[in-house]
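The values are calculated or read from the model by the stated rules, or taken from the named source; none is laboratory data. These numbers come from a predicted model, not from an experiment. Neighbour counts run over all protein chains shown; Cβ positions are idealised from the backbone, glycine included. Side chains are part of the model used for accessible areas, which takes the heavy atoms of the whole protein and leaves out ligands, DNA and RNA. Shrake-Rupley method; radii C 1.70, N 1.55, O 1.52, S 1.80 Å.
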Amino acid sequence: MNERNGGTPEDEPRAARHGGKAQVPDGGTGAATGRHDGSGETEEERADRRWQELLQEIRVAQTGVQILLGFLLTVVFTPLFHDLEQTDKTIYLVTVVLGSLATGALIGPVSFHRIVSGRRVKPQAVVWASRLTFTGILLLLATLTAALFLILRVATHDPYAPWLVSGVLAWYLICWFALPLWVRTHYADRS
């Protein structure tokens, strides 16, 4: 794994992943297509592939956070909002701010790419866009947790609402982080 660019398994040399020799498209010298890293890809080719993969990931997260934020923004205009306790209004405001920050972080890579496009910095742009995306995922996690807490608090007035939210948060952490990290450490060492 390459620690410099995030150390993701998809950046490991293809030869190591598939148990064979990596083929260099230009006959093995790397001169015709740029510097090769032993995976059969130049730095630019790898950056292109990683950018396409990142765009696919962002599309899923962007849609969800934009819909969530849209719903959150309409709540303040409902009659029930004005009857909420001040604590609930504060939780709502924090949730809206978190949703706005998540939206900004998840849309940021598109703007980032547009601004640096054609400047021959795609490998660095992919790294920064990936960081923005991960930040957006963390902010989305916080937004979902805060929104669920507010809804359960208002809907049930149940003292167990924080415990339910904690359970859902634990589930998110398992699905989004613990399981992928376990697979990464468990299987990456074997290949």
Single match in Thr90, Thr133 (criterion: among the polar types (S, T, N, Q), without any contact (Cβ under 8 Å) to a residue 60 or more places away in the chain and assigned to a helix (DSSP H, G or I)): Thr90
Check whether at least one residue in the stretch 73-91 is crowded, with 17+ Cβ neighbours inside 10 Å and over 30 Å from Arg153 (Cβ atoms), and report yes or no. no
If we keep only residues of the stretch 140-153 that are open to solvent by 40 Å² or more (accessible area, probe 1.4 Å) and either assigned to a loop (DSSP other than H, G, I, E, B) or touching a residue at least 60 places away in the same chain (Cβ under 8 Å) (or both), then the residue farthest from Thr63 (Cα to Cα) is Arg153
For the stretch 29-36, does any single residue satisfy the condition of being at pLDDT below 95, farther than 30 Å from Ala155 by Cβ and part of a helix (DSSP H, G or I)? no
What's the number of the only condition in (1) in contact (Cβ under 8 Å) with a residue 24 or more places away in the chain; (2) open to solvent by less than 40 Å² (accessible area, probe 1.4 Å); (3) closer than 30 Å to Thr42 by Cα that Val110 fails to meet? (2)
Pro123 vs. criteria over 20 Å from Gln56 (Cβ atoms), assigned to a helix (DSSP H, G or I) and of a type outside the set (D, E, K, R): no
Do you know which residues across the stretch 154-167 are open to solvent by 50 Å² or more (accessible area, probe 1.4 Å) and of a type in the set (A, V, I, L, M)? Ala155, Leu164
Run Arg184 past the list (1) at pLDDT below 95; (2) out of contact with any Ser or Thr (no Cβ under 9 Å at 6 or more places or on another chain); (3) surrounded by fewer than 17 Cβ atoms within 10 Å (Cβ to Cβ) and report the number of the one that doesn't hold. (2)
